[in-house]
1. Given 0.36 nm per residue, what is the gain on full extension from Leu280 to Arg157 after removing their alpha carbon distance, in nm?
2. Once fully extended, how much extra length lies between Ile140 and Ser4, figured as 0.36 nm per residue of separation less the alpha-carbon to alpha-carbon distance?
3. Determine, from the Cβ-Cβ distance of Ala94 and Val124 and an R0 of 35 Å, the FRET efficiency 1/(1 + (r/R0)^6), rounded to the nearest 0.05.
4. Can you give the three extents of the C-alpha atoms in region 71-142 along their principal axes, from longest to shortest, in whole Å?
5. Give me the extension gain from Ala208 to Arg13: residue separation times 0.36 nm, minus the current Cα-Cα distance, reported in nm with one decimal.
6. Around Val338, what is the net charge, scoring Lys/Arg as +1 and Asp/Glu as -1 over all other residues with Cβ under 14 Å from its Cβ?
7. Taking only the Cα atoms of the chain, how large is their convex hull per residue, in Å³?
8. Considering the convex hull of the alpha carbon atoms of region 164-208, report its projected area averaged over all viewing directions, in nm², one decimal.
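The numbers here are math on the coordinates, done by the rules we state, and not lab data. All values reported here derive from a predicted model rather than from experimental measurement. Quick reminder, even Gly has a Cβ in these numbers, built from the backbone with ideal geometry, and neighbours come from all protein chains shown.
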Amino acid sequence: MSWSWTLYRYLARQFLLGIGMVYGAFLLLAFSIDVVNLIDRTAGHGVSTGVLVGMALLQLPDLGEKMLPFAVLLGGVFCFVRLSRSQELVATRAAGVSAWDFLMPPLAVAIAIGIFVVLAVTPVSSRMLNQFSALEAKYIKGQESQLSVSSNGLWLRQGDENEQSVIHALTVADQGVHLDDVIVFLYGPHDHVVGRIDARSAQLDQGAWVMKDAWVSSADGVARHHDRYETKTTLTPSQIQESFAPPDTLSFWALPHFIRAAESAGFSAIRYRLYMYSLLALPVLLAAMVFMGASFSLNLSRAGGLGKVVLVSALSGFGVYFFTDLTRALGQSAILPVWLAATAPAAAAILIGMTLVFHQEDG
């Protein structure tokens, strides 16, 4: 069996090399497009080129995660086509190695890459994307509202350079529109405390928080009771939802705690559950890309030429991508169970890929 392990190591290296070359080209292209896009979005904002390049670099790992299945698919095609044209694949098959044995090293590499990305890369990419989001809010969107959820309730910051307020609520209803057990800390310029509001509840109305059973304290510490009290706000219900950290700004390890905290605070965590399950399914999706790439390129002459192989592979990758978007939308609208919406694309892709390989090998 020594020759088999030597062959397997060689195939794994060739497959990894193919992925690396395609993935490197994808990252370079994505970085270039992202820099141009950021320059366009910050036109007139006076943002320096160094900041824009830094923002593009911060976003690059997240973009790389999204492009990884395409890189595995096309990298596999590149590897298998090269082995086929150099007659190495023919010699291997003549030695009695079946397609299933031949695919074992690429499958092992793809699954290992998926596990490594989920466990080790997402913590780094999420922190970098968090920094990118902060710079984007500062230089592009001009957002002044920030929201965070913890096991102690909801924290919401709103305001501008002249006045700020920090809102804390123990419980939330109606996706952030209704708050209970509310405390509002009021700040003036230079973070100078100007007062505090303690209320039994708060309801977001047009341009104001309407509070009931509120005690309003001024800077001198004197508290006055109001059955109904209004404080101005520029927030809307959609802005409150958008203030949530995007799922990909959270690492795989932080997602379970965040989901529990968000749900206990009264918010829906469907987006985050979808993201967590899709990360768990990533190794399977990458394995599916290996099967699909192999089915298109192991028998190049029957497939009809390199151009057709690349075109069919790219179309298949986009098909998986659009199917993923479809199931994600169905999951977010609760038409499909969350776990099924997140794992269906990987399951469907690997079944289709294995069927095609069966047809090539045994059909």
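1. Numbers: separation 123, 0.36 × 123 = 44.28 nm, distance 3.31 nm.
Full extension from Leu280 to Arg157 adds 41.0 nm.
2. 43.4 nm
3. 0.20
4. Here the spans come out as 64, 24, 12 Å, largest first.
5. On the way: separation 195, 0.36 × 195 = 70.20 nm, distance 6.14 nm.
Result for the pair: 64.1 nm of gain on full extension.
6. On the way: positive: Arg271, Arg273, Arg328; negative: Glu263.
Net of charged neighbours comes to +2.
7. On the way: hull volume 58.4 nm³, N = 363.
Measuring per residue, one finds 161 Å³ for the Cα hull of the chain.
8. Details: hull surface 13.5 nm².
So the Cα hull casts an average projection of 3.4 nm².
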